[in-house]
Amino acid sequence: MHLYGTQSVNEKGHLTIGGVDTVDLAQTYGTPLIVYDVDLFRQRAKSFKETFQDAGIKSQVAYASKAFSSIAIYEVAESENLSLDVVSGGELYTAIRAGFPRERIHFHGNNKSYAELQLAFDEEIGCIVIDNFLEIELVKEIARTRKQRMDVLMRVTPGIEAHTHDYITTGQEDSKFGFDLKNGQADRAFLQLHNDPYITVLGMHCHIGSQIFETDAFRYAAEALMAKMVAWRDEHQFICRVLNLGGGFGIRYTEEDKPLEPAVYVKEMAETVLAMTRSHQYPIPEIWIEPGRSLVGDAGTTLYTAGSIKEVPGKRTYLAVDGGMSDNIRPALYDAVYTAVTANRMNEPQTEVVTIAGKCCESGDKLIEEARIAQPETGDLIATFCTGAYSYSMASNYNRLPKPAIVFVENGEHHLVVRRETYEDITRLDMSFNSSMRGEKI
Ligand SMILES: *Cc1c(COP(=O)(O)O)cnc(C)c1O
């Protein structure tokens, strides 16, 4: 069993997070409940930022907020001086509602709508990360119509794909994101942007994958982008001020995962960029990164109440909990593996192997195939670890299950930051067909 961040076990044998008893949290807020260890988020944020400072490199660490988007997490990100990546009008709107500094908001996405781009101009955000030729047209048109400037980064695909423990370099990348670096697309896009009076190209961006455990892929990506920056300097006297190397830093979901410290990735990037700038006499660019999972992943723990226990003799024991793929679709979607504990009986041996199933009407709704927990009993509090990234943000109302509540814990205090959905919430967008047919105003 591995505990994360401020997790500990108290004298009652209960799992605590941020100095708060998880059994008390479950009683206060109900289950399923997602608990965020705010201190762990802060530590991760600091270690990324401080490593850049130690290397003497100007940086921005942008929280890739698609991993978990809410007003409260944006407030914490702002208090840690992070920047923010948003990928939709909805995330941008949430950031504005959270009072996030607009100049530190970066707008991503491979199919931003005209309305979403307008919102970015309305709010005068920090930059738009341009993904494709249609977007170049739209952004130029909006800027010209409004006579309003905009800073942009160009998203490029360097022909490197990283997969967890391995990466491959491909001649040309088959990706829905960004301009290909090698087939001339990036050069064409650059000229279309660079020659526009309202647009300033700040630099280049790439994001090579997710849950990456080694540094080579980042080094190759940095070298590929810097080579193009040198070419554009030589051909167009253009100096790139920002090199954004994306996110994707791996975290530990199970004991098999061996993540590197955030600082290791950052150091490797910094060294690669500094070496390239020296050999080409290029001014040192700012390095921006975009961690999502590595900021919030292991800071999140989901608490469930155990319900039915079904033994299939000779096969397995199913322990069903009061949530499932509706609040964490990653096991069903990506075969993602998690670990769990019996949070109300932490001092008992956590050695019983059970399958933790959700309550959705899908055979595939299994949260953990082989969880090791205490001898299961109905009513137990089951905690699944590392659910802070891509779980609530991908949650659905499948089977009309209400989405869970979210609490932030820190220094012995707990704060409700997303309230639990009610049945009322679930039906709030429904309109009656019968009433409409009768011409009633509702
Ligand atoms: C998803 C995404 C990230 C964050 O990825 P993580 O694996 O969560 O760190 C960063 N940048 C871009 C452009 C992304 O799409």
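The values are calculated or read from the model by the stated rules, or taken from the named source; none is laboratory data. The structure presented is a predicted model; accordingly, all values stated were derived computationally and were not measured. Don't worry about glycine lacking a Cβ; one is built from the backbone with ideal geometry, like all the others, and counts go over all protein chains shown.
Do the conditions hold for Leu134, that is, is it out of contact with any strand residue (DSSP E or B) (no Cβ under 6 Å at 6 or more places or on another chain) and more than 13 Å from the ligand (Cβ to nearest atom)? The answer is yes for Leu134.
When you scan the range 105-113, do you find a residue that is closer than 25 Å to Glu410 by Cβ, in contact (Cβ under 8 Å) with a residue 12 or more places away in the chain and either surrounded by 18 or more Cβ atoms within 10 Å (Cβ to Cβ) or in the same structural domain as Leu416 (by TED's automatic domain parsing) (or both), even just one? Yes. Only one of the listed residues (Met269, Met226, Met276) is more than 16 Å from the ligand (Cβ to nearest atom), in a helix (DSSP H, G or I) and surrounded by 22 or more Cβ atoms within 10 Å (Cβ to Cβ). That residue is Met226.
So, Glu261, is that one outside the structural domain of Ala26 (by TED's automatic domain parsing), of a type in the set (D, E, K, R), touching a strand residue (DSSP E or B) at 6+ places or on another chain (Cβ under 6 Å) and more than 12 Å from the ligand (Cβ to nearest atom) or not? No.
On inspection, Ala95 does not qualify as closer than 20 Å to Val38 by Cα and either polar (S, T, N, Q) or within 15 Å of the ligand (Cβ to nearest atom) (or both).
Just one of the listed residues (Ala343, Ala389) is within 16 Å of the ligand (Cβ to nearest atom) and hydrophobic (A, V, I, L, M, F, W, C), and it is Ala389. Scanning the range 192-223 for residues that are in a loop (DSSP other than H, G, I, E, B) and within 16 Å of the ligand (Cβ to nearest atom) gives Cys206, His207, Ile208, Gly209, Ser210, Gln211, Phe213, Glu214, Thr215. Within the range 81-92, if we keep just the residues that are crowded, with 18+ Cβ neighbours inside 10 Å and more than 12 Å from the ligand (Cβ to nearest atom), the residue that is farthest from the chain's Cα centre (by Cα) turns out to be Gly89.
With a requirement of 3 or more residues that are under 29 Å from Asp257 (Cα atoms), the strands (runs of 3 or more DSSP E) lying completely within the range 92-179 that satisfy it span 160-163, 166-169.
Return the only residue of Lys182, Lys140, Lys176 being more than 14 Å from Gly246 (Cβ to Cβ), of a type in the set (Lys, Arg) and within 16 Å of the ligand (Cβ to nearest atom). After applying the criteria, what remains is Lys176. Scan the range 177-186 and tell me whether some residue there is closer than 17 Å to His106 by Cβ and of a type in the set (A, V, I, L, M). For the range 177-186, residues closer than 17 Å to His106 by Cβ and of a type in the set (A, V, I, L, M): absent. Taken together, Thr215, Thr200 contain a single residue that is touching a residue at least 40 places away in the same chain (Cβ under 8 Å) and surrounded by fewer than 17 Cβ atoms within 10 Å (Cβ to Cβ), which is Thr200. So, Val353, is that one crowded, with 24+ Cβ neighbours inside 10 Å and hydrophobic (A, V, I, L, M, F, W, C) or not? In short, no. Residue check: is Val61 in a helix (DSSP H, G or I), buried (at least 20 other Cβ atoms within 10 Å of the Cβ) and in contact (Cβ under 8 Å) with a residue 12 or more places away in the chain? Considered against the rule, which asks whether it is in a helix (DSSP H, G or I), buried (at least 20 other Cβ atoms within 10 Å of the Cβ) and in contact (Cβ under 8 Å) with a residue 12 or more places away in the chain, Val61 comes out as no.
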